[in-house]
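Worksheet: one structure, shown below.
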Amino acid sequence: MDQVPSGPIRCLVLSDSPEGGETIASLLRTEAGLTASVSAMAFGEGIRNARRGEPEVIILAADSLVGADALISIEELEAAIPHAAVIVLTTSTDAGRLRDFVLAGARDCLAPPYTRETLVNSVRKVHQNETRRRDRLTASITGGLRQHRCQVIAVHGAKGGVGTTTVAVNVATALRLITKERIAIVDASLQAGDVGIALDVVANTSLDDLLPHLNGLDADLLNKVLVTHSTGLRALLAPRDLERVDSIGAEEVRRILAFLTGHFDYIVIDTAPSLDAAGLAALDHADQIVLVTTPEVPALKNAGRFLQLSRRLGYPIEKVALVVNRARGQQAIPIADIEKSLGIKHFATVPSAGKTFIRAANHGEVVVLRGGMGGASRSLFRLAERLTVSTGERRRPSLIGRLPGAGLFRRPPGPTTSVPPQTARANADASPG
Ligand SMILES: Nc1ncnc2c1ncn2[C@@H]1O[C@H](COP(=O)(O)OP(=O)(O)O)[C@@H](O)[C@H]1O
Ligand SMILES: [Mg+2]
């Protein structure tokens, strides 16, 4: 349900140019329910001013933002006024740069021209998201009980190519095999989702098909739109229609996940390496974030920044489970050094197993279904099993310890492609109830 703000939203424009700041503030002031003040100093004094006025939304509009200082000033702002949401006005369109802003704490990044409509929408959206996030946090701190027992596991990669989709797909498949419960995987890597390819399912439905029905989602629609894998795992695939990706924001993701949690026991979300409002909403919604990194400096640097962000977002430290993929390969940084530099213990490792993954990919198969109980397959099973314990109330006896061999987890006979939407419901076991 939408949060009704109790008073006007207090905005502060921090700018290094008084005129520029005033122009932006005057656009905001024409909107009912917003107040806007200006500080013509983006840093130092500006940040002290910001604290006094207790703004709820800070718009950082400094030309110097193009420089490296931007990240530091966003981080300073976040630390000084943690309850305010920061919007960055930037001329940069570089995806890596935008991710940096988000990792530094920005809740939205806008590019010129700054129209009244885009500014106001952004302010309202980030304010609403921030209010919701705080409410959720308060509810969990004060022991607010979960309304259902569904466990949501978001898998996020420190950078592209570290194995996020691989971990997400294998964990979801392993969860299905281990628990036999209702498992869904959601491809929230909206621009370039490849969960469908990884599962080797073909579908003519995807996440964007839910958009026109967000006010009336029902189990029937769900069964039509989610694809069924041969294991019974259900998949909500990334939009086929890339033009519709822009209309998927935090609110849409939240609604879809809220609906799915009523119908599944576990939801695994594959997220994009670049963090936008939709990605952050998915991470917020998760009970557990599996942070995937590889043991190399660039990925570890990003992992460190993600951990900082998660602290600023108020996530408890246990919410993030660090998984080191392709661990212990040649040139790999040792786990002990990784833990020392990131300041957290690792949750699991997955060894590098190039041939296994290539063979599985060539056969359109998921490694945990094919790889026997050696190496990577075993590690991924262990990871899934540990996640049932760390996220769930349910403690299960170890399945892996009792395995006679790989045979038990071999791919079940039958077609490897999806069940067409119209027959998806026939799979009663996997059907959301
Ligand atoms: N442990 C591993 N050993 C060998 N290859 C791996 C491993 N994990 C992932 N890969 C391979 O790395 C590539 C990128 O993985 P992917 O899951 O698509 O990364 P991301 O989703 O982070 O971009 C894929 O070809 C995948 O098969
Ligand atoms: Mg991926």
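The values are calculated or read from the model by the stated rules, or taken from the named source; none is laboratory data. Just so it is clear, the model here is predicted, and its values are computed rather than measured. All Cβ positions, even for glycine, are placed from backbone atoms using ideal geometry, and neighbour counts span all protein chains on display.
Here's the yes/no breakdown for (1) modelled with pLDDT under 95; (2) crowded, with 21+ Cβ neighbours inside 10 Å; (3) outside any loop (DSSP other than H, G, I, E, B):
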residue	(1), (2), (3)
Asp187	no, yes, yes
Ala192	yes, no, no
Val202	yes, no, no
Leu211	yes, no, yes
Asp220	yes, no, yes
Lys224	yes, no, yes
Gly232	yes, no, no
Ala235	no, yes, yes
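When the range 153-177 is examined, which residues are found to be hydroxyl-bearing (Ser, Thr, Tyr) and either near ligand 2 (Cβ under 9 Å from one of its atoms) or more than 18 Å from Arg359 (Cα to Cα) (or both)?
Thr164, Thr165, Thr166
Test Val324 against the criterion of being in contact with a His (Cβ under 9 Å, 6 or more places away or on another chain) and within 16 Å of ligand 2 (Cβ to nearest atom), and give yes or no.
Considered against the rule, which asks whether it is in contact with a His (Cβ under 9 Å, 6 or more places away or on another chain) and within 16 Å of ligand 2 (Cβ to nearest atom), Val324 comes out as no.
Report yes if Gly193 is within 16 Å of ligand 1 (Cβ to nearest atom) and either basic (Lys, Arg) or touching a residue at least 60 places away in the same chain (Cβ under 8 Å) (or both), otherwise no.
Values: within 16 Å of ligand 1 (Cβ to nearest atom): yes; either basic (Lys, Arg) or touching a residue at least 60 places away in the same chain (Cβ under 8 Å) (or both): yes.
Yes.
Test Arg312 against the stated conditions and say whether it is in contact with a Gly (Cβ under 8 Å, 6 or more places away or on another chain) and within 16 Å of ligand 2 (Cβ to nearest atom).
When the stated conditions are applied, Arg312 does not pass them.
Search the range 260-303 for residues being charged (D, E, K, R) and within 16 Å of ligand 2 (Cβ to nearest atom), and hand back the single one that is modelled with the highest pLDDT.
So the residue we want is Asp270.
Among the residues of the range 166-185, write down those that are surrounded by fewer than 24 Cβ atoms within 10 Å (Cβ to Cβ) and either in a loop (DSSP other than H, G, I, E, B) or within 14 Å of ligand 1 (Cβ to nearest atom) (or both).
Residues satisfying the conditions are Lys180, Glu181, Arg182.
Those residues that are in contact with a Phe, Trp or Tyr (Cβ under 6 Å, 6 or more places away or on another chain) and not in a strand (DSSP E or B), I need them from the range 316-335; list them, please.
none
Quick test for you: out of Gly157, Gly193, pick the one residue that is touching a helix residue (DSSP H, G or I) at 6+ places or on another chain (Cβ under 7 Å), of a type outside the set (Phe, Trp, Tyr) and closer than 20 Å to Ala281 by Cβ.
Residue meeting the stated conditions: Gly157.
Does any residue of the range 249-260 turn out to be within 16 Å of ligand 1 (Cβ to nearest atom), within 19 Å of the chain's Cα centre (by Cα), buried (at least 18 other Cβ atoms within 10 Å of the Cβ) and closer than 12 Å to Arg182 by Cα?
Checked the range 249-260: no residue is within 16 Å of ligand 1 (Cβ to nearest atom), within 19 Å of the chain's Cα centre (by Cα), buried (at least 18 other Cβ atoms within 10 Å of the Cβ) and closer than 12 Å to Arg182 by Cα.
Just to be sure I understand, how many residues within the range 100-128 are in contact (Cβ under 8 Å) with a residue 12 or more places away in the chain and assigned to a helix (DSSP H, G or I)?
Matching residues across the range 100-128 total 15.
Return only the number of the condition from (1) within 19 Å of Asp265 (Cβ to Cβ); (2) within 13 Å of ligand 2 (Cβ to nearest atom) that Lys180 does not satisfy.
Against the list (1) within 19 Å of Asp265 (Cβ to Cβ); (2) within 13 Å of ligand 2 (Cβ to nearest atom), Lys180 comes up short only on (2).
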